[in-house]
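Only one structure is covered here, and it is reproduced in the block below.
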Amino acid sequence: MARDARRASWRFLRFSCRRAPAPALRGRGGAAHSRGVNPVDYDALSKEELIARLKSFEREQAGSQEELLKALKELRDVKAALDEHSIVAITDARGRITYVNDKFCAISKYAREELLGHDHRVINSRYHSKDFFRDLWSTIAHGRVWQGEIKNRAKDGSYYWVDTTIYPFLDDQGRPVQYVAIRTDITQRKADEAELERFASDLAEKNKELEAIVYTVSHDLRSPLVNVQGFGRMLQRACEKMQVTMAAAQDGVVPVAALKQPMEETIPQSLRFINAGVQKMEMLLAGLLRYSRLGRVTLNIAPVDMNAMVAAIIAAMKFQLNEAKAEVRVAALPPCVGDHDQISQVFANLLDNALKYRAPDRRLQVTIAGEVKGQTAYYSVRDNGIGIPAAHQPKIFEIFHRLNPEATAGEGLGLTIAQRVLERQRGRIWVESEEAVGSTFHVTLPAS
Ligand code: ADP
């Protein structure tokens, strides 16, 4: 134990034990008398009696000193146990630190000399409000124990949480003379709690998303289903009509004219619509399955060379880009960290959309750029296409949402998948767009 600490620990012990009362070795009258102790007239005692008395005092004193030493040892043991288990600090009545144990120095990363004589502002994290500390001080200054959780800042700037009990030591008038703060490190528990909260809010968010998906899918499945039901009934009626016609046929002569309409019009038309409806439902279900599988695909997270990846996407789409006479400009892209194949799918989709939703009256121009800010890589894919009306912009990431389904082929799934894929890799996607001017899709991913 360092000398400072030892000195401080002695001070701590001094406040913890009452001194044993001195024997009333006084003359006639005096303070002992006034305190109600039987006065002894030493002048009247013989020499032998005086010696006997003195010996008895000596024995008494030796006994109480022994008791005192025993109590001191016990206190020292309790303190050692406390130091072993807890982070301990003692401050004077004004809050100046007079003692810190090794655990305090270890967690705060300050040397003992940097703490002694200062107040706890040294480790203030600015996380708690002024009222929080006002309440703490008011409690202990009134001689009451304060308990709570405090977030502190260590010397290296890192943060730690401590479960704290501050116990005021009071003088005879009940005024605090010093405060002993006993703390337990709860940084890990706090981190776990925060993570649990994040999980809960993520889960709530996911539930909402799931509800929205169920709603959209059931809504989208409904229209082909209604078509299949409607044309199925039409088919049934056509068949019944044919059966009636056949039953009424005389001498086995097939009434061709009566069968012509159902055979050549109603039945083939109904079957066409039923097939289209079934195909649409199949497509929706396949898309839904593809979307649901995304969450189960194992990610292969590694640094991604975005320049090489975008160059490969452009090379694979060369034919379509040439046909559209598109001009694609790619700036130097910073690398990021993620799953190469899935990120490639996202950017291929963005480029494909730029092609699909290009303005017919001007040459398509696409610019792909990127930069790193802090821990995040920012990428943008800008086109001068048809743009997206403001009201539709938040919806384009919804599953199966398509602005103009008849105009172009598509499932309305590309951006939904892009969003999901990026979310799983701590990334984001959003759009800025102006109708008839163009769109910019922004993507973020952890920087490499
Ligand atoms: P899909 O292209 O199959 O419809 P997406 O999820 O990729 O599905 O896109 C959803 C909708 O967002 C599209 O139907 C379109 O209306 C709109 N959109 C996407 N990209 C662009 C773009 N670059 N320019 C204009 N509209 C776009």
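Readers should treat all values here as calculations from the given coordinates under stated rules, not as data from a laboratory. Just so it is clear, the structure is predicted and the values come from calculations on it, not from any experiment. Positions of Cβ are backbone-derived with ideal geometry, glycine not excepted, and every protein chain shown enters the neighbour counts.
Miscellaneous remarks
- Look at where the Cα atoms of the range 410-437 and of the range 299-321 average out, and the two centres are 17 Å apart.
- Of all lysines in the structure, those lying under 25 Å Cα to Cα from K325, and not within fewer than 8 positions of it along the same chain, are K356.
- Here the range 426-448 is scanned for amide nitrogen atoms under 12 Å from the site 7 Å beyond the Cα of V372 along Cα-to-Cβ, giving 446-448.
- Environment charge at A436 (Cβ cut-off 13 Å; Lys +1, Arg +1, Asp -1, Glu -1): -2
- Straight-distance crosslink candidates among aspartates and glutamates, where the alpha carbon sits under 18 Å from K73 and sequence neighbours closer than 8 are dropped: D83, E84
- The loop-placed trypsin sites (Lys or Arg not before Pro) in the range 129-161, going by DSSP, that have at most 16 neighbouring Cβ atoms within 10 Å of their Cβ come out as R144, K155.
- Neighbour-count ranking [beta-carbon atoms within 10 angstrom, fewest first] of Y215, Y357, Y379: Y215, Y357, Y379
- Each of C239, C336, C105 was scored by other Cβ atoms within 10 Å of its Cβ. Listed from fewest to most, they are C239, C105, C336.
- Links that overshoot a 29 Å alpha carbon limit, given the list K103/K373; K280/K395; K155/K206: K103/K373; K155/K206
- Annotation: aspartates and glutamates with alpha-carbon distance below 14 angstrom to K208 (same-chain offsets under eight excluded): E398.
- Around S380: net Lys/Arg minus Asp/Glu count, Cβ-Cβ under 11 Å: -2
- Ellipsoid semi-axes in whole angstrom, largest first, where each is sqrt(5λ) of the Cα gyration tensor of the range 282-385: 24, 21, 12
- In whole angstrom, the range 327-445 maps to an equivalent ellipsoid with semi-axes of 23, 17, 12, each derived as √(5λ) from the alpha carbon gyration tensor and ordered largest first.
- Taking the Cα atoms of the range 338-395, the ratio Rg/Rh between the radius of gyration and the Kirkwood radius comes to 1.03.
- With θ taken as phi - 60° and the Karplus curve 6.51 cos²θ - 1.76 cosθ + 1.60 applied, the whole-hertz 3J(HN,Hα) list for the range 361-369 is 9, 8, 6, 6, 10, 10, 10, 10, 9 Hz, x standing for glycine and proline.
- Percentage, to the nearest whole number, of Cα pairs in the chain over 43 Å apart: 55 percent
- Neighbours of I399, meaning other residues whose beta-carbon lies under 11 angstrom from its beta-carbon, give a summed charge of 0 when Lys and Arg score +1 and Asp and Glu score -1.
- Overall dimensions of the range 179-263 by Cα: Rg and Dmax, Å: 33.7, 116
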